[in-house]
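Undergrad: So that we are looking at the same thing, I have put the structure below in structure tokens.
No value in this document is a laboratory result; all are computed from the given coordinates. The model shown is predicted, which means the values in this text are computed figures rather than measured ones. As a convention, Cβ positions derive from the backbone with ideal geometry for all residues, glycine included, and neighbour counts pool all protein chains shown.
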Amino acid sequence: MGTEYTELELIADFLNTYDRRMRFEGDIGVEHLQHPQHLYTWLLEHHLITEQDEVTEQVLEWALELRSEARKMIVNNEFDHAEHEWKAMNELLNHFAFTIRFSDDSAQLHPLHHDGMDGVARLIVLIFELKRTQMWHRIRVCSAPDCQWVFVDHSRPGTGRWCTMKACGNRAKNKAYRDRNKQV
């Protein structure tokens, strides 16, 4: 598995900074990026910024908006996918500047920012590259309504439905089996 899968895992981890898994009835999930310091720590742990960089409230706001809009872009996301319009994502991208750098065998998009803005812009570059290389479809949302965990689908066809067969997949298949047998 190439670097694309590493990049997919990074994006999935970013999208899961709002953990929607239900721990009890009515649970709205856990927001892990409640303060600029939380985003700073996450970006630093993923080597998207340096220790000297700063993350402001504005950068946090744009990061949360990016997370929300990127989640809507996930192909199988039946929870957030209602009539996804690109307008909000494109307006968000207006806050960021990029340049293209050429080499003998490639062309790469590079952010023109510093501090926390650079870290968030680097996430945008990863999303762009995953869409451009047609790997974005490997990012999936678990079909279990009480889970909605974002995961990277490593299956050959790339059509996985559950974050794990041991939990969510097994529950869904057992429920379908019980429903079928209840009707008989």
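Undergrad: Can you tell me how many residues within segment 115-146 are crowded, with 21+ Cβ neighbours inside 10 Å and touching a Cys at 6+ places or on another chain (Cβ under 6 Å)?
TA: Here the count works out to 1.
Undergrad: Does Ile49 count as surrounded by 15 or more Cβ atoms within 10 Å (Cβ to Cβ), β-branched (Val, Ile, Thr), out of contact with any Pro (no Cβ under 7 Å at 6 or more places or on another chain) and closer than 17 Å to Met117 by Cβ?
TA: Criteria met by Ile49.
Undergrad: Could I ask something else about it? Please return the ranges of strands (runs of 3 or more DSSP E) entirely within segment 67-159 where 2 or more residues are under 28 Å from Gly29 (Cβ atoms).
TA: Answer list for segment 67-159: 139-141, 150-152.
Undergrad: Of everything in segment 18-66, what is among the polar types (S, T, N, Q) and part of a loop (DSSP other than H, G, I, E, B)? Give them in sequence order.
TA: Those that are among the polar types (S, T, N, Q) and part of a loop (DSSP other than H, G, I, E, B): Gln34, Thr50, Gln52, Thr56.
Undergrad: Another question about this same structure. Considering only segment 86-114, how many residues are of a type in the set (Asp, Glu) and either exposed (fewer than 10 other Cβ atoms within 10 Å of the Cβ) or in contact with a helix residue (DSSP H, G or I) (Cβ under 6 Å, 6 or more places away or on another chain) (or both)?
TA: The qualifying residues number 2.
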